[in-house]
Structures are given as structure tokens and as C-alpha cells.
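The values are calculated or read from the model by the stated rules, or taken from the named source; none is laboratory data. Keep in mind that what you see is a predicted model, and the values were worked out from it rather than measured. Don't worry about glycine lacking a Cβ; one is built from the backbone with ideal geometry, like all the others, and counts go over all protein chains shown. Accessible surface areas use protein heavy atoms only, side chains included; no ligands, DNA or RNA. Shrake-Rupley method; radii C 1.70, N 1.55, O 1.52, S 1.80 Å.
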Amino acid sequence: MDLRGEIARLKAEQRAVILAHNYQPPEIQELADFVGDSLGLSVQAAATNADIIIFCGVDFMAESAKILSPGKKVFLPASSAKCPMAAMCDAPGVRKLKKKHPQAAVVAYVNTSAAVKAESDICCTSSNAIKVVASLPQEEIVFLPDCNLGDYVSRNVPGKRFILWPGFCPTHENVTREAVERVRSEHPQAKVLVHPECRPEVVQMADKVSSTEGMMKYAAASDGREFIIVTECDMSYRLRLANPGKTFYTIPGTTCPTMKKIRPQDILACLEGQVPEVSLDESMMERARLPLERMMAVGRGD
Ligand code: CIZ
Ligand code: SF4
């Protein structure tokens with residue numbers, strides 16, 4: 001069977017759109033109508049006039065698409081694609097922190113469950129975390145769940161006190177200074193682009209700290225010819241496609257297993273069987289929508 005052709009046929013028949021995150025493997029990115037970061041895909045999800053969204057990413061991203069497009073059917077083609085960082089933070093724990101810090105604004109990285117978003121004042125992504133926090137009047141900030149991103153934001157928004165949830169992304173946390181040093185010593189001319197989910201000592205090595213979309217922009221605009229990409233390794237696929245004359249190196253061991261759960265045949269199965277559909281409690285969706293919409297009103301930051 002021609003898998004691609006069959007997916008294209010069913011997609012048109014069902015008025016479906018396929019969204020894929022920058023960390024998805026090349027064979028999934030190739031099937032997508034839009035590839036982007038969680039903020040870009042949220043914008044697409046809110047704006048699309050398709051009836052069905054096939055979300056190729058991880059659980060919290062598909063949930064955000066559903067929250068922003070409650071009238072549409074949203075599918076996450078592999079229900080096991082659960083982000084371990086989002087799983088490190090739970091709503092009862094957030095409620096406890098809110099009691100302890102009643103004056104604080106609660107800022108939730110989008111890498112959180114819908115239940116945690118529902119407890120938060122505003123969401124952010126790695127693209128706009130600094131801009132979101134800087135926009136808040138509160139002096140005290142509870143930042144969830146990534147303590148590395150929280151640390152990076154705290155260094156860039158002076159005059160506020162931060163309470164950081166102790167979560168992290170295992171893929172980015174595993175990157176060491178030595179690993180980056182090794183690649184840099186082989187390519188001394190290369191610019192080092194670091195995702196802020198990395199540990200502070202790795203972030204300090206960066207020529208540019210940025211989200212994945214920020215890396216796309218930086219690489220396109222830069223006079224440099226070589227770049228070391230310190231984030232999930234499949235980010236290099238889009239960068240290479242968009243910048244044929246430039247070279248991108250990745251750091252060994254930066255595969256996120258959760259981002260590789262979806263296979264092309266899962267997308268086909270999804271279109272054929274309309275499972276597994278993302279379904280969330282209505283009142284929780286209502287509460288989680290406000291912080292997401294506030295974030296989208298702030299817009300992109302890098
Ligand atoms: O926000 C996203 O999509 C993630 C997880 C990475 C990034 O920096 O774009
Ligand atoms: Fe979660 Fe990290 Fe994988 Fe993103 S790269 S889905 S934050 S584990």
C-alpha cells in the first residue's frame with residue numbers, strides 16, 4: 001500500500017490537518033502540513049478551519065490544541081507519547097505552593113498537564129518565557145515545572161523573586177559541558193545554540209540561547225556556516241532543509257524517546273479508526289484556556 005498516498009487521501013476526505021513538532025523524526029515531519037514549536041503549533045491549532053487535528057508531538061501539546069480548539073477532534077497518534085517533564089508536576093502540588101505563596105503569579109511552561117495549566121495564571125513556552133514573566137506585575141513568580149528554564153528566566157528578568165518547581169527535561173538535563181566541549185573542539189568555528197531547558201552551566205556556553213524556532217531564525221540570519229545545536233537531535237532536520245549551505249552538528253545522546261513514539265502507520269491508523277482521541281474534562285479545559293490565551297496574547301519572544 002502507498003502509505004503517503006493513503007494518508008493524503010484520507011486527510012483530504014476528512015478535512016484533517018497534520019501538525020508536527022520540531023523534534024519529530026524526519027519521516028513524520030515530511031507528512032505534516034505544519035512543523036513548528038509548541039507555540040507555533042498552538043497558533044495553527046487555534047486558527048485552522050480543518051475539522052480534525054492530528055497532533056504529532058507529545059501529550060501536553062495535543063491537550064493544548066484541544067483546549068484551544070474545543071470544537072475540533074484532536075488525535076495524538078501514539079497515546080504512550082507522554083512527556084516525562086510534564087509528568088513531574090501535579091495540580092495538588094501546585095495548589096500547595098499557591099497557599100504558601102498567595103501573592104505570587106503562577107507561570108506554567110506549556111510542558112504541563114491541562115490540570116496544572118488550570119491552576120496557573122499564565123503559560124509560556126521557551127520562546128516567550130522571559131517576555132511573559134517580564135509582563136507580569138507580581139514580584140513573586142512560581143515557575144513550573146522546568147527549573148533550568150526557570151533559572152534562565154530569573155537571570156534575565158531582574159527585580160523578581162522566583163520559586164522554581166524542581167522539574168526538568170531528561171533529554172536536555174543529560175547534556176554535559178564536556179559533551180558540548182568535545183563537539184566544539186572538533187568544530188571551533190561553529191556557533192553554539194543552546195536550548196534553555198539545558199543546565200545553567202551548559203546554557204553559559206552558548207553563543208545564542210533560544211527556543212527551537214529561535215534557532216531557525218538565528219541560523220537563517222547568521223553569517224556563520226557551522227552551528228552546534230544543543231537540543232533534541234531531530235531539530236537538525238528542519239535546520240538542514242532550510243539552510244542547505246550551512247552545517248549543523250548535534251550532541252550525542254540527545255534523542256527524546258517520547259518524541260519518537262509516532263510512526264507513519266500510526267497516523268494512517270488514526271485517520272482510519274479515529275482513535276486515540278484527546279478528551280478532557282470541560283470545566284478543566286475552560287480553566288486551562290485562559291492561561292494559554294494570555295500567553296498567546298503576549299506572542300513570540302525570540
Ligand atoms: O516549545 C517547544 O516547542 C519546545 C518544547 C521546544 C522549543 O524550544 O521550541
Ligand atoms: Fe518532554 Fe524533553 Fe521530550 Fe520535550 S524533549 S517531550 S520536554 S522529555
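Do we find that LEU68 is within 13 Å of ILE262 (Cβ to Cβ) and over 15 Å from the mean Cα position of the chain (by Cα) in this structure? Spell out the reasoning first.
Working: within 13 Å of ILE262 (Cβ to Cβ): no; over 15 Å from the mean Cα position of the chain (by Cα): yes.
For LEU68, the condition - within 13 Å of ILE262 (Cβ to Cβ) and over 15 Å from the mean Cα position of the chain (by Cα) - is not met.
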Of (1) assigned by TED's automatic domain parsing to the domain that holds HIS101; (2) open to solvent by 70 Å² or more (accessible area, probe 1.4 Å), PHE162 fails just (2)
The strands (runs of 3 or more DSSP E) lying wholly within region 31-143 that contain at least 1 residues that are at pLDDT 95 or above and in contact with an Asp or Glu (Cβ under 7 Å, 6 or more places away or on another chain) are 34-36, 73-75, 105-109
With criteria (1) open to solvent by 10 Å² or more (accessible area, probe 1.4 Å); (2) farther than 30 Å from GLY253 by Cβ; (3) among the small types (Gly, Ala, Ser), GLY40 comes up short on (2)
Before we move on, is ASP146 in contact (Cβ under 8 Å) with a residue 60 or more places away in the chain, surrounded by fewer than 22 Cβ atoms within 10 Å (Cβ to Cβ) and in contact with a Pro (Cβ under 9 Å, 6 or more places away or on another chain)?
no
Residue pairs within 7 Å by beta carbon, gap of at least six or interchain, first lying in region 250-265 and under 19 Å from ALA206 (Cα atoms), second open to solvent by 90 Å² or more (accessible area, probe 1.4 Å), listed first then second, are GLY253/ASN174
Note on region 198-233: residues closer than 23 Å to MET85 by Cα and either away from ligand 1 (no atom under 16 Å from the Cβ) or touching a Leu at 6+ places or on another chain (Cβ under 6 Å) (or both) are PRO200, GLU201, GLN204, MET215, ILE229
Per the filter on region 11-51, residues over 16 Å from ILE262 (Cβ atoms) and over 18 Å from the mean Cα position of the chain (by Cα) are ALA12, GLU13, GLN14, ARG15, ALA47, THR48, ASN49, ALA50, ASP51
Does ALA114 satisfy the condition of being within 16 Å of ligand 2 (Cβ to nearest atom) and farther than 24 Å from VAL202 by Cα?
-> yes
Say whether the condition of being within 25 Å of GLY167 (Cα to Cα) and acidic (Asp, Glu) is met by at least one residue in region 250-268. no
Next item on the list: Kindly indicate whether LYS98 is in contact (Cβ under 8 Å) with a residue 40 or more places away in the chain, over 19 Å from ASN22 (Cβ atoms), surrounded by fewer than 20 Cβ atoms within 10 Å (Cβ to Cβ) and within 14 Å of ligand 1 (Cβ to nearest atom).
Entry: no
